[in-house]
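Novice: After the structure tokens below, expect a handful of questions from me.
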């Protein structure tokens, strides 16, 4: 559904989320689509089978359940097509494999999700593809482009440290040299930022996060513009990276409430970020929606909202004690779970490791604590964080 009116029409976003991707009249009026479990699909006759002249031919190529979700994502993204795959990491690796080949040079932002970096430094290196990491603060990447640069990978905000990127400027420079532009848009979701509207060719999303919303599904979506859709789709078929109908159903169900959940995540996280800025035991708060944040102007210009994930630097002047201070803070938390991932209904905290950075500098002054703000009451979350600060003070 590449028609832009599908993604920015007269109806509100929550209305579109409630109805996108499925018409109950297609299945006897049932509100939710059926979960179609399929591997083998039968043909009415040999001629039809020989020509594959029917909509569904084999389970790996889609079912009514997966089509319902893909169509809903296309409506949100304004994309020509969407593939559904088993994890958020696969949402990055599959398009990289789809568009890179031996001898290519690709540019990847240095604030990238660490598993993406690991894939580039291992699998892509073995395939003869060179990865160069670039500073997220750079808008004009022209001087970094080479004759063999085929992909520019972006992620905004950046993992853990939330650097903003000027996506339009980067896309224009990449396209001038014939490169494909990809973006990991998991933080904002297509509700708060639509990459294809800013020149991105491939929009990736870990649907494990906000579309799922309940920390119980691993899932990825990749959406492409018309120019790049066929190549992306062909790669998925070749790799066999299909998503299960049960997980697709769960993600489609999560989409129905994602808008109102994101509103709560955004409101609570911003209130807590503003509160953290007032504390003497916090060096810096990394949240794009804060006016004090370095990339705030880009966020304000291009994004429609913020999600529930941000970070802060816990004050600890002694670098040798950073890890112990972080441990003391995290171990005192009761409402916050200590776990990776985010986007679910529950609050999570983790001490970020930025040792993989090559260009972008890590914030100084103490350990970096990343917070996923869930749907709990803000007053309770705040008391939990206060317990963490008290534990750090007591440990000193």
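What follows draws every value from the coordinates through simple rules; no lab data is involved. Keep in mind that what you see is a predicted model, and the values were worked out from it rather than measured. Heads up, the Cβs are rebuilt from the backbone with ideal geometry, glycines too, and the neighbour counts pull from every protein chain shown.
Novice: Order of 163-169, 106-112 by packing, highest average Cβ count within 10 Å first? Could you put the intermediate results ahead of the total?
Specialist: Working: 163-169: 21.3, 106-112: 24.4.
Going by the mean number of other Cβ atoms within 10 Å, highest first, we get 106-112, 163-169.
Novice: Using only DSSP helix segments of four residues or longer, with each worth -39500 (n - 2.57), what per-residue ellipticity at 222 nm results for the chain after dividing by its residue count and rounding to 500?
Specialist: Details: 13 runs with 145 residues, N = 396.
-11000 deg cm²/dmol, from helical runs alone.
Novice: Okay, next question. Evaluated at 4 °C with a viscosity of 1.567 mPa s, what Stokes-Einstein diffusion coefficient in µm²/s does segment 1-119 have when Rh comes from the Kirkwood expression over alpha-carbon pairs?
Specialist: Values: Rh = 17.5 Å.
It comes out at roughly 74 µm²/s.
Novice: Rg (Å, one decimal) plus Dmax (Å, integer) for the alpha carbons of segment 19-82?
Specialist: 13.6, 39
Novice: Can you tell me the Rg and Dmax of segment 147-188, counting just the alpha carbons, in angstroms?
Specialist: Gyration radius and largest Cα-Cα distance of segment 147-188: 11.0, 32 Å.
Novice: So, one more: Would you compute the Debye intensity of the chain from its alpha-carbon atoms alone, equal scatterers and no solvent, and pass along log10 I(q)/I(0) at q = 0.09, 0.13, 0.14 Å⁻¹ to two decimals?
Specialist: Listed by q, the Debye log ratios stand at -0.55, -1.10, -1.24.
Novice: Now, a different point. Could you sort 53-64, 189-200 so that the peptide with the highest average Cβ count within 10 Å comes first and the rest follow in order? Intermediate values should be presented prior to the final figure.
Specialist: Details: 53-64: 15.5, 189-200: 22.4.
Final packing ranking: 189-200, 53-64.
Novice: Then there's this: May I ask for the distance between the Cα centers of segment 139-199 and segment 356-391, given as a whole number of Å?
Specialist: A separation of 27 Å, based on Cα centres.
Novice: Within 10 Å, count the other beta carbons around each residue, average over each peptide in 340-347, 172-179, and list them highest first.
Specialist: Working: 340-347: 19.2, 172-179: 17.5.
Result, highest mean first: 340-347, 172-179.
Novice: What FRET efficiency would be calculated for the residue pair residue 32, residue 122, taking the C-beta separation as r and a Förster radius of 35 Å, to the nearest 0.05?
Specialist: Values: r = 40 Å, r/R0 = 1.15.
FRET efficiency, residue 32 to residue 122: 0.30.
Novice: Still on this structure, please answer the following. Normalised by the number of residues in the chain, what is the relative contact order in percent for Cα pairs under 8 Å and 6+ residues apart? Walk me through the intermediate numbers first.
Specialist: Details: 797 pairs, mean separation 65.8, N = 396.
Answer for the chain is 17 percent.
Novice: What is the distance in Å between the Cα centres of segment 61-108 and segment 231-290?
Specialist: Measuring centre to centre over Cα atoms gives 17 Å.
Novice: To continue, here is another question. With N set to the number of residues, divide the alpha-carbon radius of gyration of segment 258-395 by 2.2 N^0.38 Å and report two decimals. Let's see the in-between values first.
Specialist: Details: Rg = 14.5 Å, N = 138, 2.2 N^0.38 = 14.3 Å.
Segment 258-395 yields a ratio of 1.02.
Novice: Relative to the present Cα-Cα distance, how much length would full extension add between residue 345 and residue 45 at 0.36 nm per residue of separation?
Specialist: Taking 0.36 nm per residue and subtracting the Cα distance, the gain is 103.1 nm.
Novice: For labels at residue 143 and residue 274 in the simple 7 Å Cα→Cβ model, what's the distance in nm?
Specialist: So the two model labels end up 4.0 nm from each other.
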